[in-house]
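One structure is given below, encoded as structure tokens.
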Amino acid sequence: MTSIRLMGFAAGALFLVSSAGHAQTPQAPGKALPMGQAPSKVLPQSQVPGKIRIALMPQGTGTGAGHYTCGWVRYFGVTPHARASKEREAKALKLVEWFGGKVNNEYVFQKMLMLDLGVPFCTTPLNNDKDIIAFYDKWVGGADIINKQASLAVTKDVIAPWFGEWNETNNQAWQSIFLGKVTAEAGLKASADKWNELKKQG
């Protein structure tokens, strides 16, 4: 049976991509496939695999126009509960190392996410990995365009130059509200005060 590698929701429909690389037609959420049958045996096959290639982001016009995109990182954290016990903390840190670091000097998890699910990574040494390069060659037309786009990544300061700095305070404020540490009014005031402070600094 063909294994399912990726499931994603778009416009209320479920799209399936089989391990053979075939894009499937939409399947209504909640409608199960016949027991024991692979999607490739039940759903019509797409006619476009191997014919679609990635391109740089649209350049736009005006001052500062370019093929830019937002840069992101994958964040992993350890909770206070985990840190309260040396045994739990050690296990949690080992798990974080698996997710975000190396295993036997290799980026195993990041590579697995890319090859199995097409989820990009932040660990640039993988750009030179032969399996990653082969993946790009097969699915997007080569690694050159991917690496070019990555070189044009910028921080998400789309609202103001200091948006990223303000958003740290804003995220902390919302977390405190959800945890019941502060009232909604106090949290929003802290967020607004930081915004006004940074705005005055320019």
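Quick test of your reading of the structure: ILE145 fulfils all but one of (1) free of Cβ contacts under 8 Å to residues at least 60 places away in the same chain; (2) closer than 28 Å to THR124 by Cα. Name the failing condition by number.
That leaves (1) as the condition not met.
What is the one condition in (1) farther than 20 Å from GLY71 by Cβ; (2) touching a strand residue (DSSP E or B) at 6+ places or on another chain (Cβ under 7 Å) that LYS130 does not satisfy?
Just one mismatch for LYS130, condition (2).
Residue by residue through region 107-146, note down the ones that are small (Gly, Ala, Ser) and either crowded, with 16+ Cβ neighbours inside 10 Å or at positive phi (or both). Please lay out each step first, then the result.
Step one: of region 107-146, the residues small (Gly, Ala, Ser) are 118, 134, 141-143.
Passing the criteria: GLY118, GLY141, GLY142, ALA143.
Could you check GLY100 against (1) at pLDDT 85 or above; (2) farther than 21 Å from LYS148 by Cβ and say which number it fails?
(1)
Output the helices (runs of 4 or more DSSP H) that fall wholly within region 81-153 and possess 3 or more residues being under 30 Å from PRO58 (Cα atoms) and of a type outside the set (Ser, Thr, Tyr), or say none. Spell out how you get there, then give the answer.
Details: elements: 86-100, 108-117, 130-139, 143-151.
Qualifying helices (runs of 4 or more DSSP H): 108-117, 130-139, 143-151.
To keep it simple, each residue is scored yes or no on (1) without any contact (Cβ under 8 Å) to a residue 60 or more places away in the chain; (2) in contact with a Lys or Arg (Cβ under 9 Å, 6 or more places away or on another chain); (3) surrounded by fewer than 12 Cβ atoms within 10 Å (Cβ to Cβ).
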{"position": "SER46", "(1), (2), (3)": "yes, no, no"}
{"position": "LYS51", "(1), (2), (3)": "yes, no, yes"}
{"position": "ALA55", "(1), (2), (3)": "no, no, yes"}
{"position": "PRO58", "(1), (2), (3)": "yes, no, yes"}
{"position": "THR61", "(1), (2), (3)": "yes, no, yes"}
{"position": "ALA65", "(1), (2), (3)": "yes, no, yes"}
{"position": "THR69", "(1), (2), (3)": "no, no, no"}
{"position": "PHE76", "(1), (2), (3)": "yes, no, no"}
{"position": "PRO80", "(1), (2), (3)": "yes, no, yes"}
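Within region 148-202, track down each residue that is small (Gly, Ala, Ser) and surrounded by 11 or more Cβ atoms within 10 Å (Cβ to Cβ). So that I can check it myself, show each step before the final result.
Let us first name the residues in region 148-202 that are small (Gly, Ala, Ser), namely 150-151, 153, 160, 164, 173, 176, 180, 184, 186-187, 190-192, 202.
ALA150, ALA153, ALA160, GLY164, ALA173, SER176, ALA184, ALA186, GLY187, ALA190, SER191, ALA192, listed by residue number.
Might you check whether a residue that is out of contact with any helix residue (DSSP H, G or I) (no Cβ under 8 Å at 6 or more places or on another chain) and closer than 30 Å to GLN201 by Cα occurs anywhere in region 107-127?
no
The values are calculated or read from the model by the stated rules, or taken from the named source; none is laboratory data. Keep in mind the model is a prediction, meaning the values are calculated, not measured. Ideal geometry is used to build each Cβ from the backbone, glycine not excepted, and the neighbour counts take in all protein chains shown.
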